[in-house]
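The values are calculated or read from the model by the stated rules, or taken from the named source; none is laboratory data. Model, not experiment: these values are computed from the prediction. Quick reminder, even Gly has a Cβ in these numbers, built from the backbone with ideal geometry, and neighbours come from all protein chains shown.
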Amino acid sequence: MLLSEGLVLATALYSKTFYINAQVAYLSSLFVIVGASFAYKKMVGAKIDAQAYEEDRDLLDTIEDPHGLYEEVSETETQDLDFKTIVKEEKAKIKTFSLKSIKHGARGSVSMFRIVPYIFLILGFIALVNNNLLDLTAYLPSLFIGIVTGSLVSKEIAI
């Protein structure tokens, strides 16, 4: 992280405009990636603490057959299959758009750890545009540097 920040600071020697673009883009993308990772880690930790998960197969079984393709089906089951009822049962299993699914999805996406970095990204971009300082040749590569640094920092957070 210090190396990437040093790289961004070194752009100040080139031009003030280049430095401002690089710093805003770098910090924006870094905050977005780290904030999303931290929010996800916190959400998963809360579910684990609440024991809201099911472990129906052992680890070795999941690794060898992740989709359950090799589960045994008896011959009597295969002879008595009615495809219309199977299709109806499978359609019933498909999750529909409901208030419960909205609540579940909103919990992960409406975290302050996700919202604040995006606000910083949008306001930083608007500030650069309004002050006629936006230089995409500096802004876009700096976004990439922030994304790479953020993903490396997020791996450290996950541990």
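Among all residue pairs at least 6 apart or on different chains, which show Cβ distances below 9 Å where the first residue, located in segment 25-48, is among the charged types (D, E, K, R) and the second is surrounded by 15 or more Cβ atoms within 10 Å (Cβ to Cβ)?
Short answer, once both residue conditions are applied: K41/S154; K42/S111; K42/F113.
Could you please give the count of residues in segment 7-19 that are more than 15 Å from L143 (Cα to Cα) and either modelled with pLDDT under 85 or of a type in the set (S, T, N, Q) (or both)?
3
Considering every residue within segment 99-118, establish whether at least one is of a type in the set (S, T, N, Q), at pLDDT below 75 and either touching a helix residue (DSSP H, G or I) at 6+ places or on another chain (Cβ under 7 Å) or surrounded by 10 or more Cβ atoms within 10 Å (Cβ to Cβ) (or both).
Yes, segment 99-118 has at least one match.
Pick out the one residue from E71, E64, E89 that is among the acidic types (D, E) and either touching a Ser or Thr at 6+ places or on another chain (Cβ under 8 Å) or modelled with pLDDT of 75 or more (or both).
Residue meeting the stated conditions: E89.
Looking at segment 1-12, I want the residues that are touching a residue at least 60 places away in the same chain (Cβ under 8 Å) and have a partner that is among the polar types (S, T, N, Q) and surrounded by 11 or more Cβ atoms within 10 Å (Cβ to Cβ) with Cβ atoms under 7 Å, at least 6 apart or on another chain. Which pairs are those?
Listed by first residue and then by second, the contacts come to M1/T149; S4/T149; V8/Q23; V8/S142.
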